[in-house]
Amino acid sequence: MTRRLLLVGILCTVGFLAACAKYGANEPGSKYGYSGSERCKACHPQEFASWQDSWHSKIVRPKVGAMLQEAVEKWSSDGTTPGPTVGNVTGQPFVLADVEYVVGSRWKQRYLVKNSETGNLQFMNMQFNRGSGKWEKYGQKNDWNTQCASCHTTGYRITAYDDRAGKTLKSEFAELSVGCEACHGPGATHARTTKAKDIFNPADVDIQAQTRVCGYCHIRLENEKWKTAQGNPREDFPAPKVGETHMPWDDWTQWYPTEVVIPGVQKNHPFNAEYAGDLKGLFKTDTLATTNGVFEEAKHHQQYQGFIQSKHYQLGAISCNTCHSPHAGSGKEKKASKETCIVCHDSSYTVEKYMPNTGKTADNLFVRSHTFAKNPREGGPGASDMGPPNYYGD
Ligand code: HEC
Ligand code: HEC
Ligand code: HEC
Ligand code: HEC
Ligand code: HEC
Ligand code: HEC
């Protein structure tokens, strides 16, 4: 097999829908310039292995080897509540064998089946919560491709949009889940030339720009510019023009400001205002928060909005990467974020005390606050209160 064919093969196993034809067949020098994470492996084995180990590589996967063992066992019932039975958009019945992809697995898992009306993927009506081991109703009535995908894939773009009806008609991406090129930009040229100038390294930009690389996805917003296939406001953040992709160096805080609401990030949308829909109650605004002057995250994927309120960020010295490495590097271990506090503080500054689990992600399960409030509140249970997941068919 030639290298090019091998590449198409690799891309076709990780990609789906139109992705194979578009990206695989044109590489190298492909239209969009993405090569896929597999291509980086040969020259950056440590970065690759440690990334593959991380959750970024796992957010959306084909079900085999990625579906929670417990969810398979409890598919018909968890003892009190029946598992998923229908697709949320079409209302048609679906069974376990119809599940094509699973979304998540660390805190909760959701199930994707075909939507025959749009050719996209729709959600089934129940999600599995790992903390409680129970099913919970999940009502998302928009296709995954047009509601979640810019945060769960690499190289996402809208390719056809109906302006009059306000609907995303077609979209594409280079790779499922958060691949190398989500944070480094399209890498096909670099993979050929191997020159540093042909690839983006977040370490080369200032603290604010570094934090925005991560903030593009670790955020909660409401998007009226782009609507889903079903005509509702999107919760993700596609680039301002049809056919364009978000680049990790983009300053998305300036994108279509009158059509997107980004609480806490835009001056006209403060942390402590009242919001509706998916943004309802997204920050703690009680007396403790008001007294502290810091509004902790009340929902998940809001780390950027928590962190920009902290002294850490405001002093301009610390970015997400100061505590998190997305991967190991040659001669460089992946940071254990819990162990970073002691570099700058005494041992009374613990993660358990100062990063309480406040952001609700599933039934009685929360993610850590990144506001670093001086008088932190008590948190609930989180990721560190559970062992790693077991997968079916691993
Ligand atoms: C054929 C080998 C090869 C492939 C494939 C390759 N790289 Fe590289 N990469 C290199 C070399 C060599 C360097 C060091 C360049 C230098 O220092 O001048 C490098 C450097 C880098 C850097 C650091 C740049 C900087 O400014 O310090 C990043 C980031 C990077 N590569 C990412 C990637 C990603 C992402 C992919 C896959 C899309 C990839 N590489 C594929 C060889 C490769
Ligand atoms: C394209 C979207 C996207 C970008 C960009 C992104 N993330 Fe994430 N991140 C995710 C998603 C989605 C998950 C959840 C993965 C899961 O649970 O399967 C995640 C999970 C994480 C986690 C928890 C799991 C783990 O593996 O440790 C950390 C920490 C994290 N991201 C940090 C970062 C940092 C730091 C950056 C910037 C350098 C960043 N992320 C950029 C989407 C993104
Ligand atoms: C703005 C970006 C963004 C959007 C939009 C988004 N997510 Fe996420 N999602 C994330 C990030 C980042 C994480 C991990 C961090 C966290 O949960 O705090 C995550 C976590 C998850 C998890 C938990 C992962 C695990 O391992 O347990 C699931 C499930 C999930 N998302 C599903 C969805 C679905 C379904 C949609 C669309 C309806 C969606 N997300 C929309 C960014 C996003
Ligand atoms: C979530 C974002 C993210 C993802 C995904 C990601 N990287 Fe990185 N990468 C970074 C950041 C941030 C740095 C800067 C590291 C630092 O500041 O210590 C970096 C640095 C690098 C470097 C420079 C040398 C080093 O290790 O610091 C290389 C090479 C690299 N990445 C390759 C890759 C490859 C290959 C993949 C996929 C297998 C990948 N990256 C996935 C964010 C990411
Ligand atoms: C790179 C150095 C560095 C690291 C690592 C670091 N901090 Fe800090 N932290 C600072 C600085 C600087 C300040 C601001 C001190 C000041 O206001 O005088 C600060 C302030 C704080 C505050 C007080 C905020 C306030 O409003 O006064 C808390 C709480 C905190 N850090 C917790 C943590 C925890 C928990 C960790 C580990 C997860 C951590 N820090 C890691 C440097 C660091
Ligand atoms: C001062 C250090 C520090 C900074 C800066 C920081 N984090 Fe974290 N983060 C942590 C620690 C510590 C944890 C908990 C890890 C653990 O339990 O092993 C964590 C956990 C997470 C998680 C997983 C959620 C959970 O409940 O475990 C995500 C996602 C995340 N961070 C994203 C980010 C993003 C995005 C940024 C920048 C906007 C950021 N972090 C900045 C220290 C930091």
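If only residues of segment 328-376 that are touching a residue at least 12 places away in the same chain (Cβ under 8 Å) and at positive phi are counted, the one that is farthest from ligand 2 (Cβ to nearest atom) is N364. Within segment 92-111, the residues that satisfy the criterion of being buried (at least 18 other Cβ atoms within 10 Å of the Cβ) and over 23 Å from V367 (Cβ atoms) are F94, V99. Only one of H345, H327 is more than 8 Å from ligand 6 (Cβ to nearest atom) and in contact with a Cys (Cβ under 9 Å, 6 or more places away or on another chain). Can you tell me which? Answer to the check: H327.
Kindly establish whether T194 is at pLDDT 95 or above, farther than 29 Å from Q147 by Cα and not assigned by TED's automatic domain parsing to the domain that holds N321. Before you say what the answer is, go through the steps one by one.
Details: at pLDDT 95 or above: yes; farther than 29 Å from Q147 by Cα: yes; not assigned by TED's automatic domain parsing to the domain that holds N321: yes.
Answer is yes for this residue.
Determine whether A336 is of a type outside the set (K, R) and within 16 Å of ligand 1 (Cβ to nearest atom). Taking the combined requirement at face value, the residue does not satisfy it.
Matching residues to (1) more than 24 Å from the chain's Cα centre (by Cα); (2) closer than 30 Å to R368 by Cβ:
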| site | (1), (2) |
| --- | --- |
| G79 | yes, no |
| V95 | yes, no |
| V103 | no, yes |
| R106 | no, yes |
| V113 | no, no |
| M124 | no, yes |
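Scanning segment 125-132 for any residue that is of a type outside the set (G, A, S), within 28 Å of S325 (Cβ to Cβ) and assigned to a strand (DSSP E or B) turns up nothing. Once segment 284-323 is narrowed to residues that are without any contact (Cβ under 8 Å) to a residue 24 or more places away in the chain and either assigned to a loop (DSSP other than H, G, I, E, B) or in contact with a Pro (Cβ under 7 Å, 6 or more places away or on another chain) (or both), the residue that is surrounded by the fewest Cβ atoms within 10 Å (Cβ to Cβ) is L315.
Would you check which residues across segment 237-267 are farther than 23 Å from F295 by Cβ and touching a residue at least 60 places away in the same chain (Cβ under 8 Å) and list them? P238, A239, V242, G243, E244, T245, H246, M247, P248, W249 - these are the residues of segment 237-267 that are farther than 23 Å from F295 by Cβ and touching a residue at least 60 places away in the same chain (Cβ under 8 Å). State all residues of segment 199-216 that are near ligand 1 (Cβ under 9 Å from one of its atoms) and either touching a residue at least 60 places away in the same chain (Cβ under 8 Å) or within 23 Å of S57 (Cβ to Cβ) (or both); if no residue qualifies, say none. Answer for segment 199-216, where residues must be near ligand 1 (Cβ under 9 Å from one of its atoms) and either touching a residue at least 60 places away in the same chain (Cβ under 8 Å) or within 23 Å of S57 (Cβ to Cβ) (or both): I199, F200, N201, P202, A203. Scan segment 351-361 and tell me whether some residue there is under 20 Å from I308 (Cβ atoms) and in a loop (DSSP other than H, G, I, E, B). Yes, the conditions are met somewhere in segment 351-361.
Picking from residues in segment 49-91 that are β-branched (V, I, T) and within 10 Å of W135 (Cα to Cα), the one that is surrounded by the most Cβ atoms within 10 Å (Cβ to Cβ) is T81. Of the set (1) at pLDDT 95 or above; (2) touching a strand residue (DSSP E or B) at 6+ places or on another chain (Cβ under 8 Å), all apply to P270 but (2).
Under the condition of being under 30 Å from Q122 (Cβ atoms), within 16 Å of ligand 6 (Cβ to nearest atom) and of a type in the set (D, E, K, R), the residues counted in segment 181-235 number 1. Of the residues making up segment 138-154, none is without any contact (Cβ under 8 Å) to a residue 12 or more places away in the chain, part of a helix (DSSP H, G or I) and outside the structural domain of T85 (by TED's automatic domain parsing).
Being within 16 Å of ligand 2 (Cβ to nearest atom), part of a helix (DSSP H, G or I) and not acidic (D, E) is the filter; apply it to segment 176-198 and report the residue that is nearest to H152 (Cα to Cα).
Restricting attention to segment 176-198, the residues satisfying the condition of being within 16 Å of ligand 2 (Cβ to nearest atom) are 176-187.
So of that shortlist, the ones also part of a helix (DSSP H, G or I) come out as 180-184.
Keeping just the survivors that are not acidic (D, E) gives 180, 182-184.
Numbers: C180: 13, A182: 10, C183: 13, H184: 16 Å.
Once the filter is applied, the top-ranked residue is A182.
The listed residues are P388, P376, and the only one of them that is part of a loop (DSSP other than H, G, I, E, B) and either within 7 Å of ligand 6 (Cβ to nearest atom) or surrounded by fewer than 15 Cβ atoms within 10 Å (Cβ to Cβ) (or both) turns out to be P388.
The values are calculated or read from the model by the stated rules, or taken from the named source; none is laboratory data. Worth saying up front: this structure is predicted, and the values here are computed from it rather than measured. Positions of Cβ are backbone-derived with ideal geometry, glycine not excepted, and every protein chain shown enters the neighbour counts.
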